[in-house]
Amino acid sequence: METRAPFVTIGAFVLAAIVAVFGFVYWLNNTGGLGPRATYHVQFEGSVPGLLVGAAVLFNGIRVGEVTELGLAPDNARRVNATISVVATTPIRTDTKVGLEFQGLTGVPVIALEGGLLPAGSGKVATLIAAPDAGLSMTQAARDALRRVDTILAENADPLKDTIANLRTFSDGLARNTGKLDGIVAGLEKLTGGGAAAPKITYDLRALPSSGSPGKTLKGQLAIPEPTAVAMLETQRMLFSPVKDYPDFDGFLWADSIPKLLQARLIDSFENYDIAHAPLRSADTGQADYQLLIDVRRFRIATEAEPAAEIGLSARLVDKNGKIIAARLFEASQKLDRLEPQAAVDAFNKAFGQIATDMIGWTVMAF
């Protein structure tokens, strides 16, 4: 029995499939995945290398549509017209900037939109005008930059030649004076403390030893604040007059700055004389009945004639009311056996011992 094909059924199925496809496309472009669309015209003044129909359209870096049409402007041979279709909600304004970007290693071109500052509804956007250099590729930009550099070099050829000649002359001068430069650098290193520094050795003053029972004790509480001195004396290094560099003293250091060292050893000496009435430091001067105010005038090695250690101190004894009870200048000098650190420290110990003895006796008598 011959089978008859259901032509009506097949035709109805094909027609339904065609209607479904058209319906899906309509939904996709209007109410489906891509949503409602908006169309804009874009004008490029110049070439758009590599831009194709279907290329992406980015708004602030986010893809919002694609290029739907490209063509040359019939009235201007340098102009390129493009039509873009973007999501209808894209905030395109009349001041929206248009450019061409090249993405990826292959430099695929896309149209890049950048949001404007005008508020929504500020005017209907008919046509977007791209920046004049929007189609400038990276290769072309590099070529233009090299061309500008070449122009600058050509215009300044003579000054560049003079500069190179001066550099050659300067380098030749450096080569001829290498020895002198080495000496200058060595001097700078020594001046700034650079290079191989000499090992530092610390030296101390020696306080007066205890003499047993004092002949006369201190009446009232005495304080010895830190002595005053000019800035030059606020140092731990050995000072010389006249000023000169002595290599044997490069690593010399007093145990503290000169004023603080003198304060500490004077207090020790007074304490060794009368432990029951040991002087106070400046931190406790509010409790003292008297203050022994000292100004350091000299603490150096004089080398004009025979080397000698010199110490000069001025002292004032002041009561609680600030009244000066007594004042005196104390000076001592002690010759050095030889100009080297240990001999200098021995001479300073002797000179300080003489001053400390005189100052203690004078202070006791002044009370």
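The values are calculated or read from the model by the stated rules, or taken from the named source; none is laboratory data. All of these numbers come straight from a predicted model, not from anything done at the bench. Here the Cβ is made from the backbone with ideal geometry for all residues, glycine too, and neighbour counts use every protein chain on show.
Pick from L136, L128: which is at pLDDT 80 or above and either on the phi > 0 side of the Ramachandran plot or surrounded by 10 or more Cβ atoms within 10 Å (Cβ to Cβ) (or both)?
After ruling out the rest, the residue left standing is L128.
Are there any pairs with C-beta distances below 8 angstrom linking a residue in region 79-98 that is in the same structural domain as T127 (by TED's automatic domain parsing) to a residue that is among the acidic types (D, E) and surrounded by 15 or more Cβ atoms within 10 Å (Cβ to Cβ), with the two at least 6 apart or on different chains, and if so which?
R79/E45; I84/E66; S85/E66
Can you pull out every residue in region 248-267 that is free of Cβ contacts under 8 Å to residues at least 40 places away in the same chain and either more than 27 Å from S210 (Cα to Cα) or within 34 Å of the chain's Cα centre (by Cα) (or both)?
Selection gives D256, S257.
Given the conditions (1) part of a helix (DSSP H, G or I); (2) surrounded by fewer than 16 Cβ atoms within 10 Å (Cβ to Cβ), report the number of the one that A264 does not fulfil.
(2)
Can you name the residue in region 202-221 that is at pLDDT 90 or above and in contact with a helix residue (DSSP H, G or I) (Cβ under 7 Å, 6 or more places away or on another chain) and, of all such residues, is farthest from F348 (Cα to Cα)?
The selected residue is P209.
A quick yes/no check of all residues on (1) closer than 29 Å to G220 by Cβ; (2) in contact (Cβ under 8 Å) with a residue 40 or more places away in the chain; (3) out of contact with any Leu (no Cβ under 6 Å at 6 or more places or on another chain); (4) not β-branched (V, I, T):
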site: E306; (1), (2), (3), (4): no, no, yes, yes
site: E310; (1), (2), (3), (4): no, yes, yes, yes
site: D319; (1), (2), (3), (4): yes, no, yes, yes
site: L329; (1), (2), (3), (4): yes, no, yes, yes
site: D337; (1), (2), (3), (4): no, no, yes, yes
site: A356; (1), (2), (3), (4): yes, yes, no, yes
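Somewhere in region 16-24, is a residue within 30 Å of A112 (Cβ to Cβ) and either loosely packed, with under 10 Cβ neighbours inside 10 Å or at pLDDT below 65 (or both)?
Among the residues of region 16-24, not one is within 30 Å of A112 (Cβ to Cβ) and either loosely packed, with under 10 Cβ neighbours inside 10 Å or at pLDDT below 65 (or both), which makes the answer no.
Exactly one condition in (1) small (G, A, S); (2) in contact with a His (Cβ under 8 Å, 6 or more places away or on another chain); (3) at pLDDT below 75 is false for G107; which is it?
All conditions pass for G107, except number (2).
Does P341 satisfy the condition of being in contact (Cβ under 8 Å) with a residue 60 or more places away in the chain and farther than 25 Å from G215 by Cα?
Yes; evaluated as a whole, the condition is true for this residue.
Which condition from (1) out of contact with any helix residue (DSSP H, G or I) (no Cβ under 9 Å at 6 or more places or on another chain); (2) crowded, with 18+ Cβ neighbours inside 10 Å is the one that I324 breaks?
Exception for I324: condition (2).
Quick test of your reading of the structure: P91 fulfils all but one of (1) assigned to a loop (DSSP other than H, G, I, E, B); (2) modelled with pLDDT under 85; (3) under 46 Å from the mean Cα position of the chain (by Cα). Name the failing condition by number.
Of the numbered conditions (1) assigned to a loop (DSSP other than H, G, I, E, B); (2) modelled with pLDDT under 85; (3) under 46 Å from the mean Cα position of the chain (by Cα), the odd one out for P91 is (2).
Okay, residues lined up against (1) assigned to a helix (DSSP H, G or I); (2) surrounded by fewer than 16 Cβ atoms within 10 Å (Cβ to Cβ):
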site: R328; (1), (2): no, yes
site: S333; (1), (2): no, yes
site: D337; (1), (2): no, yes
site: Q342; (1), (2): yes, yes
site: V345; (1), (2): yes, no
site: I355; (1), (2): yes, no
site: I360; (1), (2): yes, no
site: T363; (1), (2): yes, no
